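The values are calculated or read from the model by the stated rules, or taken from the named source; none is laboratory data. What you are looking at is a predicted structure, and each value in this text was computed from that prediction instead of being measured. Here Cβ is always computed from backbone atoms with ideal geometry, including for glycine, and neighbour counts include all displayed protein chains.
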Amino acid sequence: MNILVCIKQVPDTESQIKIDSGGKGIQTADIKWVMNPYDEFGVEEALRIKEKTGGKVTVIGVGPQRVVESLRTALAMGADEAIHVDDPAADGGDALATARVLAGSVKDVPFDLIFCGQRAVDDDNAQVGAALSELLQIPLLSVITKVEISDDKAKVKVQRPVEGATWVFEAPLPALITTQKGLNEPRYASLPGIMKAKKKPLSAKKLGDLGLSPDQAGLQGSKLTIKGLTPPPERKAGKIIEGETAQEKGTILVKLLREEAKII
Amino acid sequence: MAKGIFIIAEQRGGTLRKISLELVSEGRRLADQSGQSLAAVILGHQITEEAKKLAAYGADTIYVADAPELAAYTPEAYTAVLSELIKAQEPDIVLGGASQQGKELTAKLAARLETGLAMDCVGLSLEEGLLIARRPIYAGKVYADVVCETARPQMASCRPNVFPILEPDAARTAEIVSVAVSIKPEDLRTTLVEELADQSGKVDLTEATCIVSGGRGMKDSENFVILEKLAGVIGATVGASRSAVDAGWRPQSDQVGQTGKVVNPNLYVACGISGAIQHLAGMGSSKVIVAVNKDPDAPIFQKADYGIVGDLFEVVPVLEEEFKKIM
Ligand SMILES: Cc1cc2nc3c(=O)[nH]c(=O)nc-3n(C[C@H](O)[C@H](O)[C@H](O)COP(=O)(O)OP(=O)(O)OC[C@H]3O[C@@H](n4cnc5c(N)ncnc54)[C@H](O)[C@@H]3O)c2cc1C
Ligand SMILES: Nc1ncnc2c1ncn2[C@@H]1O[C@H](COP(=O)(O)O)[C@@H](O)[C@H]1O
């Protein structure tokens, strides 16, 4: 099977996030960039399917030069080929604008299955997979924790946890799956894997190569725009309950929750 | 000229979900503010009676799309029916839930309608007819105000448990409009094969008003019994840190945090949880946070409204006893 995995590079989840002087973006100077954790599940699942059925895994990333590192990480894990859309006019788009770039970059690549993360942990947008499925007119299976390909490779059956239940969906291939934690445990890149990755094909594309103009992508092609960023409401440390014993502290706490916080 | 506000109500098994009431209530607020009408849209099978309940919360019109194929949610059929209705009615604003189903549905719908969607919002306001949507990004480390200037409808999905539900007014009525449903074969590619009900029957963490969570400090899966007992007394749902999930003590569906669930309860009690940044990302906006930890320097105390420095195995049973006395 031919499998595509969309990879976004995001700040490490430990990163301190500070608003920049323009008020619409963040300061990037001290940020360590990593592959979106949900995309790691996508790479892993694609590799596991390929190990069973044969075929090829292609990873795609849209973003500046640094994104090459995350694409190489995926190649080192075992992906076969990478496409990097490296064009400032493609960056910073809303879901649909980004999905257009992704759709453009796979227009000549055959695929049976596409993986996206259920959300990227930077903008927490949770939309690009859905938008891409719309543009490609293929079934969308969101927030998936289990993937089973049918023996004839024509269908996929998935598990999707929702509030209070798990839904089992089935859809014909090609389809797009967005990944959720629990799907698998992503492997680490091995040393030989890292060596091999250096020789694997990684092609850089511009918007023009995808048949797109700047007004269809990036900020220019976006419907949704950021007006401004604000720090979240402050949460200050409250009271530490003083007392000699657990009994004493517990009694005071319950009284405070009832009388002061009025929560119970 | 675009007009009116639509909310996409959510039902499961023919019963409205709580998020639907949150959506109508917020829709009503925006409608009153802008002098527009409010319509609720519901898809399902034999749901007209249930749909009428939305009138009491403020819907002026209720669109009911009723068909056997719509009994259970499937992304393609629901997107097809909703996009047709929205194209025909041209509402100015469409709100959906940022629930599991709602996130997928609103994202597909926005793409099909080629408009902008503000996902997982915690606040909505109107400025000169424009919907200003506030949404946490970077796991809540920053809030973004986003706007869709030109494309219509303006769309937003609302985070569950954030928008207050209005007092229902039984005297209110709404016009019920039945939507002509035409579903094409290509809208039925994705099918729901089975729904595996969660055996615990507990309120989902994203909808819970009270949560008691355990972390690595619980030391073992069996020890969660003490949290279950406390939760039973105060009507809470039990959650967990990633460490507790990764240790196999709790299922993935219990995980709170950046790669788990984002929760918004009135009360969050963290037991044996250090308060790593990725955990705080999931529960930092709880109204009241209580931490029980034996390490006085645990970062969780920096965010907690009330902290007890002590051994959770001693403190939790006391809390259970004390709550029992007053509940
Ligand atoms: C990409 C990424 C995503 C992540 N996503 C999440 C996420 O979604 N959710 C999440 O929770 N974490 C997440 N993490 C993990 C996070 O960084 C922490 O490792 C994790 O939250 C720690 O869990 P913990 O607090 O239970 O364990 P620990 O940090 O080990 O803390 C245990 C605490 O228990 C206390 N303790 C021990 N015994 C007792 C006792 N008897 N009585 C009282 N207190 C006691 C200790 O003092 C300590 O503070 C993520 C990490 C990464 C890198
Ligand atoms: N710039 C990008 N390049 C490649 N894939 C992306 C990009 N942005 C989003 N994606 C994919 O879409 C998923 C969801 O992103 P989002 O909708 O932004 O939360 C990510 O996990 C990726 O799989």
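Quick notes on this structure:
- The lone criterion from (1) assigned to a loop (DSSP other than H, G, I, E, B); (2) in the same structural domain as B:E26 (by TED's automatic domain parsing); (3) in contact with a Phe, Trp or Tyr (Cβ under 6 Å, 6 or more places away or on another chain) left unmet by B:V177 is number (1).
- Single residue of B:S83, B:S99 found to be closer than 23 Å to B:S125 by Cβ and within 14 Å of chain A (Cβ to nearest Cβ): B:S99
- Checking B:I273 against (1) free of Cβ contacts under 8 Å to residues at least 60 places away in the same chain; (2) within 13 Å of ligand 1 (Cβ to nearest atom); (3) surrounded by 16 or more Cβ atoms within 10 Å (Cβ to Cβ), the condition it does not meet: (1)
- The lone exception for A:K249 - which of (1) over 28 Å from B:Q199 (Cβ atoms); (2) in contact (Cβ under 8 Å) with a residue 60 or more places away in the chain; (3) not aliphatic (A, V, I, L, M) it fails: (2)
- Search result, residues across segment B:93-149 that are within 20 Å of the chain's Cα centre (by Cα), at positive phi and of a type outside the set (G, A, S): B:D120, B:Y138
- Qualifying residues in segment B:153-178 (those that are surrounded by fewer than 20 Cβ atoms within 10 Å (Cβ to Cβ) and out of contact with any helix residue (DSSP H, G or I) (no Cβ under 7 Å at 6 or more places or on another chain)) - the one nearest to the other protein chains (Cβ to nearest Cβ): B:V162
- Residues in segment A:116-138 that are more than 17 Å from A:E40 (Cα to Cα) and of a type in the set (A, V, I, L, M): A:A130, A:A131, A:L132, A:L135, A:L136, A:I138.
- Looking across A:D80, A:D87, one residue alone is surrounded by fewer than 20 Cβ atoms within 10 Å (Cβ to Cβ) and either within 16 Å of ligand 1 (Cβ to nearest atom) or not basic (K, R) (or both). It is A:D80.
- Some residue of segment A:186-195 being assigned to a strand (DSSP E or B) and either in the same structural domain as A:A74 (by TED's automatic domain parsing) or within 16 Å of ligand 1 (Cβ to nearest atom) (or both): no
- Residue check, A:P232 more than 16 Å from ligand 1 (Cβ to nearest atom), modelled with pLDDT under 95 and either closer than 30 Å to B:A151 by Cα or out of contact with any Cys (no Cβ under 9 Å at 6 or more places or on another chain) (or both): yes
- Filter pass, A:D152 being without any contact (Cβ under 8 Å) to a residue 12 or more places away in the chain, surrounded by fewer than 24 Cβ atoms within 10 Å (Cβ to Cβ) and among the charged types (D, E, K, R): yes
- Unique residue being exposed (fewer than 14 other Cβ atoms within 10 Å of the Cβ) and assigned by TED's automatic domain parsing to the domain that holds A:D80 when the list is A:K205, A:K199: A:K199
- Hits in segment A:127-146 (condition: within 15 Å of ligand 1 (Cβ to nearest atom) and in a loop (DSSP other than H, G, I, E, B)): A:T145
- Residues within segment A:213-264 that are in contact with a Pro (Cβ under 9 Å, 6 or more places away or on another chain), in a loop (DSSP other than H, G, I, E, B) and either within 24 Å of B:T115 (Cα to Cα) or small (G, A, S) (or both), tallied: 3
- Residue tally, condition among the polar types (S, T, N, Q) and buried (at least 23 other Cβ atoms within 10 Å of the Cβ), over segment A:155-179: 2
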